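A.B. asks: Have a look at this one before I ask anything.
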Amino acid sequence: MTATAFITHKDCWLHDMGAHHPECAERLSAINDRLIAAGLDMFLAFHDAPEATVEQLSRAHPKAHVEHLLANVPEHGIRHVDPDTAIGPGTMKAALRSAGAGILATDLVMTGGVENAFCAIRPPGHHAERAQAMGFCFFNNVAVAAHHAMAHHGLERVAIVDFDVHHGNGTEDIFKDDPRVLMASIFQHPFYPYSGTDNPAPNMVNVPVPAGTRGDAFRQVVTDIWMPALRKHKPQLIVISAGFDAHYEDDMGSLGLVEADYIWVTEQLRTIADECCEKRIVSLLEGGYSLSSLARSVVAHIKALADI
């Protein structure tokens, strides 16, 4: 059995928020090129992402909100939902595939087809709140996957781990006070979206860190805070918001992680998955905007997932 699935879809390239926008289709091309250059393609099971259904999306978002987004796609040009987030003609096709990737990944790991899966998708999702698209995000892909795991596969405990440089405010908005879901995150603070520090719910393990934080401090947080919380929660599935914009080369943020840190944290999460949830991990791409460091970091993360 191939241990790791790689899930994407050509529709994810269709989303375009305008020239010079950092959340661009070249991100996925860079990942694909690096994956092939590293020779990883022969070790992975490749899958096309399906489109998420309105019913599946409506577990994480109000149905009226989902239908409003789907109905307001421009035929030409772009329509802004906030200053840095815009819908173009191909956006909803990409967004449906991105959410669908997490659903397929969950199905594959839950049925034993693979041990874990990485979804190379865009647009990202962790800033998408229950009823608000924002921060480059439209549907909350990790939330849709976690809800699918609970509703369709009957899981009682899911952990969401977010190591993007930005706080996953949307994921927190959707799951705050839901004891079935533990969210463990680390994020630069103060920084966009300026959330995650004011009286978080008991199931939110939020760790804000200052600009300039490097790998040693990141590893200390994971070891001292995340790992005990995850072991206590005993998740039946781990879902990762895998953002790589905390890399020191990425000028979207001001943290100092490197590929070795992403390998290490992936190995730690695999340890928890081995202990608690029959090795099941679903990882979905969030941020990462320096093309070279993004591609290198994703390949490092996938190698650690696949134990190569």
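The values are calculated or read from the model by the stated rules, or taken from the named source; none is laboratory data. None of the values given here were measured: they were computed from a predicted structure. Virtual Cβ from ideal backbone geometry, glycine too; neighbours counted across all protein chains shown.
A.B. asks: Would you mention how many residues in the range 176-191 are under 26 Å from residue 83 (Cα atoms) and either in a strand (DSSP E or B) or in contact with a helix residue (DSSP H, G or I) (Cβ under 8 Å, 6 or more places away or on another chain) (or both)?
C.D. replies: Number of matching residues: 4.
A.B. asks: Give me the pairs, please: first residue somewhere in the range 283-304 and at positive phi, second residue anywhere and surrounded by 23 or more Cβ atoms within 10 Å (Cβ to Cβ) and part of a helix (DSSP H, G or I), beta-carbon distance under 8 Å, and either six or more positions apart or on two chains.
C.D. replies: Pairs found: 288/27; 288/294; 288/297; 288/298.
A.B. asks: So, one more: Looking at (1) within 20 Å of the chain's Cα centre (by Cα); (2) surrounded by 15 or more Cβ atoms within 10 Å (Cβ to Cβ), find the lone condition where residue 43 falls short.
C.D. replies: That leaves (1) as the condition not met.
A.B. asks: Moving to a separate point now. Check the range 273-285 and report whether any residue there is within 22 Å of residue 49 (Cβ to Cβ), in contact with a Pro (Cβ under 7 Å, 6 or more places away or on another chain) and not aromatic (Phe, Trp, Tyr).
C.D. replies: Yes, the range 273-285 contains a residue that is within 22 Å of residue 49 (Cβ to Cβ), in contact with a Pro (Cβ under 7 Å, 6 or more places away or on another chain) and not aromatic (Phe, Trp, Tyr).
A.B. asks: Still on this structure, I have one more. Which count do you get for residues in the range 43-57 that are outside any helix (DSSP H, G or I) and of a type in the set (Phe, Trp, Tyr)?
C.D. replies: Counting residues in the range 43-57 that are outside any helix (DSSP H, G or I) and of a type in the set (Phe, Trp, Tyr) gives 1.
A.B. asks: Return a yes/no flag: does the range 275-290 have any residue that is out of contact with any His (no Cβ under 7 Å at 6 or more places or on another chain) and either basic (Lys, Arg) or modelled with pLDDT under 95 (or both).
C.D. replies: yes
Residue-wise test of (1) surrounded by fewer than 21 Cβ atoms within 10 Å (Cβ to Cβ); (2) modelled with pLDDT of 95 or more; (3) within 18 Å of residue 177 (Cα to Cα).
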{"position": "206", "(1), (2), (3)": "no, yes, yes"}
{"position": "212", "(1), (2), (3)": "yes, yes, no"}
{"position": "215", "(1), (2), (3)": "yes, yes, no"}
{"position": "218", "(1), (2), (3)": "no, yes, no"}
{"position": "229", "(1), (2), (3)": "yes, yes, yes"}
{"position": "232", "(1), (2), (3)": "yes, yes, yes"}
{"position": "241", "(1), (2), (3)": "no, yes, no"}
{"position": "244", "(1), (2), (3)": "no, yes, no"}
{"position": "248", "(1), (2), (3)": "yes, yes, no"}
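A.B. asks: If you scan the range 144-187, which residues turn out to be among the small types (Gly, Ala, Ser) and touching a strand residue (DSSP E or B) at 6+ places or on another chain (Cβ under 8 Å)?
C.D. replies: Within the range 144-187, 145, 146, 149, 159, 168, 170, 184, 185 qualify.
A.B. asks: Please name all residue pairs, on different chains or six or more residues apart, with Cβ atoms under 6 Å, provided the first residue is in the range 210-237 and is farther than 22 Å from residue 250 by Cβ and the second residue is assigned to a helix (DSSP H, G or I).
C.D. replies: Close Cβ pairs satisfying both conditions: 230/272; 234/276; 235/276; 237/149.
A.B. asks: Which condition breaks for residue 243 when tested against (1) free of Cβ contacts under 8 Å to residues at least 60 places away in the same chain; (2) in contact with a Phe, Trp or Tyr (Cβ under 9 Å, 6 or more places away or on another chain)?
C.D. replies: Condition not satisfied by residue 243: (1).
A.B. asks: For the range 1-39, which positions are at pLDDT below 95 and either in a strand (DSSP E or B) or aliphatic (A, V, I, L, M) (or both)?
C.D. replies: If the condition is that a residue be at pLDDT below 95 and either in a strand (DSSP E or B) or aliphatic (A, V, I, L, M) (or both), then 1, 3, 19 are the ones that fit.
A.B. asks: Anything in the range 40-55 that is modelled with pLDDT of 95 or more, out of contact with any Gly (no Cβ under 8 Å at 6 or more places or on another chain) and of a type outside the set (A, V, I, L, M, F, W, C)? List them, or say none.
C.D. replies: Answer for the range 40-55, where residues must be modelled with pLDDT of 95 or more, out of contact with any Gly (no Cβ under 8 Å at 6 or more places or on another chain) and of a type outside the set (A, V, I, L, M, F, W, C): 47, 48, 53, 55.
A.B. asks: Can I ask one more? Filter the range 262-275 for residues that are farther than 23 Å from residue 7 by Cβ and either crowded, with 24+ Cβ neighbours inside 10 Å or not polar (S, T, N, Q) (or both) and give the result.
C.D. replies: 264, 275
A.B. asks: Provide a single number: the residues in the range 250-261 that are buried (at least 22 other Cβ atoms within 10 Å of the Cβ) and touching a strand residue (DSSP E or B) at 6+ places or on another chain (Cβ under 8 Å).
C.D. replies: Matching residues across the range 250-261 total 3.
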